[in-house]
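K.L.:
Take this structure first; my questions come after.
The values are calculated or read from the model by the stated rules, or taken from the named source; none is laboratory data. Source: prediction; values computed, not measured. Here the Cβ is made from the backbone with ideal geometry for all residues, glycine too, and neighbour counts use every protein chain on show. In case anyone asks, the SASA skips ligands and DNA or RNA and just uses the protein heavy atoms, side chains included. Shrake-Rupley method; radii C 1.70, N 1.55, O 1.52, S 1.80 Å.
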Amino acid sequence: MTSGFWSDKSVLVTGHTGFKGGWLTVWLSRLGATIHGYSLPPKSHPNLFTEASLEKHLASSTIGDIRDLSAVSEIIKSTRPEVIFHLAAQPLVRASYLDPAQTFTTNAIGTVNLLEAARDVSSVKAIVNITTDKCYENKGWDWPYRENDRLGGDDPYSASKACAEIIARCYQKSFLDENGIALANARAGNVIGGGDWAADRLVADFMRSLSDTAPIFIRYPNAVRPWQHVLEPLSGYLMLAEKLFKEGDSFSGAWNFGPDDFSCRSVAWVVSKLCEHVPGATWIQDFNTHPTESLLLKLDSSKAKSRLGWRPHWNIEDAIEYTMDWYNAWSNNEDVSVVMHRQIEFYEEHEPT
């Protein structure tokens, strides 16, 4: 990231009350950006937005639904952002089986609304559309997925994110390029970090099991995922947005931000490492019937490494260490926003692995 680039930049973050959006808000604030947020209220209690008092980092915080085109249009017209990070989404696989219509309208039509509202606002120069590693048609093969591999998704969440990518490409080619707006899709791995309390997330479920003094139940212990600390993809999003702003559509398209091979581990391996941090913590396999999830997924981030100079800084063991440091601070009633600033500062100074 170029020193000073973000100073006084007007930035809109959709989904700012969520886990990734909250960490991105803190980092942008450190970089000097003027940040506007648009999101539904936080869904969990506790939640990162409240526990870290993230509203203090924002020039404005608007509670609204990404499915409401008129509201999305109003926030973009009134805040006149130069850069937009679109993170507002229904982000959970199991929830998508329970309410597929809400998942598709949020993730697909919500993306339409964001791009439709932004395309004629002259201040907007760059949009980073955050999707997921699960947007690929998962064939269960051993090698990592590249940006030009086929999109797909057997579950509603994955399919909705593949739809969002197709929508973004359509808007880029049909409208945004001619209006001088550069757009990219960013795909990350399974993120962990302090402050995630979402349902059906491994670390969040682990922390809840501790409060219940019960073992954590694991649905698919042998599933392999590309695990990474939340700061890893966020650093990629920031670098990508800067390139889009400065160099335009030559940096449009899809980008993977995943960990190196060492951090592609099974769920059982990760939860066992978490248990090592808490005396007496245990896990057991949940043998109940659950919706199907992919058992093997890896990302090839060669494009981001070669063209952006992006590299993972921390491996999965580091990520678990910093994640548990955050939750320990929270448990001890420390100011977790201070912890976030400290971890971001250390990340910025740490040499990539």
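K.L.:
Can you give the charge dipole size of region 108-179 about its Cα centre, rounded to the nearest 20 debye, using +1 on the beta carbon of Lys and Arg and -1 on the beta carbon of Asp and Glu?
P.N.:
Working: 9 positive and 12 negative charges, 21 e Å.
About 100 debye.
K.L.:
Moving to a separate point now. So for each of 172-181, 249-258 I average, over its residues, the number of other beta carbons within 10 Å; can you give me the resulting order with the highest mean first?
P.N.:
249-258, 172-181
K.L.:
How high is the relative contact order of the chain, given as a whole-number percent (alpha carbon pairs under 8 Å, six or more residues apart)? Don't skip to the answer; put the middle values down first.
P.N.:
Values: 692 pairs, mean separation 60.9, N = 353.
After rounding, I find 17 percent.
K.L.:
Could you work out how far apart the two model spin labels at PHE287 and GLN102 are, taking each label as a point 7 Å from the Cα in the direction of the beta carbon, and quote it in nm?
P.N.:
Those two pseudo-labels are separated by 3.3 nm.
K.L.:
Something else: Would you please put 87-97, 277-287, 155-165 in order of how densely packed they are, using the mean number of other Cβ atoms within 10 angstrom per residue and starting with the highest? Intermediate values should be presented prior to the final figure.
P.N.:
Details: 87-97: 20.7, 277-287: 12.6, 155-165: 23.9.
For the peptides 87-97, 277-287, 155-165, the packing ranking is 155-165, 87-97, 277-287.
K.L.:
Please report the spacing between the Cα centers of region 123-139 and region 177-230 in Å, no decimals.
P.N.:
Answer, in whole Å: 16.
K.L.:
Could I ask something else about it? So, counting K/R as plus one and D/E as minus one, what does the shell of residues with Cβ under 10 Å around LEU296 add up to? Walk me through the numbers before you get to the answer.
P.N.:
Working: positive: LYS139, ARG225, LYS298; negative: ASP142.
With Lys, Arg at +1 and Asp, Glu at -1, the neighbours total +2.
K.L.:
With a cut-off of 14 Å, note down the residues of region 300-316 whose backbone N falls inside the zone around a label point 7 Å from the Cα of GLU276 toward its beta carbon.
P.N.:
Correct set: 315-316.
K.L.:
Still on this structure: Could you give each residue of region 339-347 its phi-based ³J(HN,Hα) in whole Hz, using Karplus coefficients 6.51, -1.76, 1.60 with θ = phi - 60°, and x for Gly or Pro?
P.N.:
3J(HN,Hα) across region 339-347, in whole Hz: 4, 4, 4, 5, 5, 5, 4, 5, 4.
K.L.:
Please report, in debye to the nearest 20, how large the charge dipole of region 196-286 is about its Cα centre when each Lys and Arg carries +1 at its beta carbon and each Asp and Glu carries -1 there.
P.N.:
It works out to roughly 120 debye.
K.L.:
I would also like to ask the following. Might you report the magnitude of the Cβ-based charge dipole of region 195-353 about its Cα centre, with Lys and Arg at +1 and Asp and Glu at -1, to the nearest 20 debye?
P.N.:
Dipole size: approximately 520 debye.
K.L.:
Can I ask one more? Excluding TRP6 itself, what net charge comes from residues whose Cβ is under 15 Å from its Cβ, given Lys and Arg +1 and Asp and Glu -1?
P.N.:
Local net charge: +1.
K.L.:
Next up: Can you give the net charge of the other residues whose Cβ lies under 14 Å from the Cβ of SER306, counting K and R as +1 and D and E as -1?
P.N.:
+4
K.L.:
Heads up, I need the accessible area for LYS305: 1.4 angstrom probe, whole protein in place, Å², nearest 10.
P.N.:
My reading of the accessible area for LYS305 is about 60 Å².
K.L.:
Measure nothing fancy, just the Cα-based angle from helix 316-331's long axis to the longest principal axis of the chain, in degrees from 0 to 90, nearest 10.
P.N.:
Helix 316-331 sits at roughly 90 degrees to that axis.
K.L.:
Another question, then. How big is the gap, in Å, between the Cα center of region 294-353 and the Cα center of region 56-112?
P.N.:
25 Å
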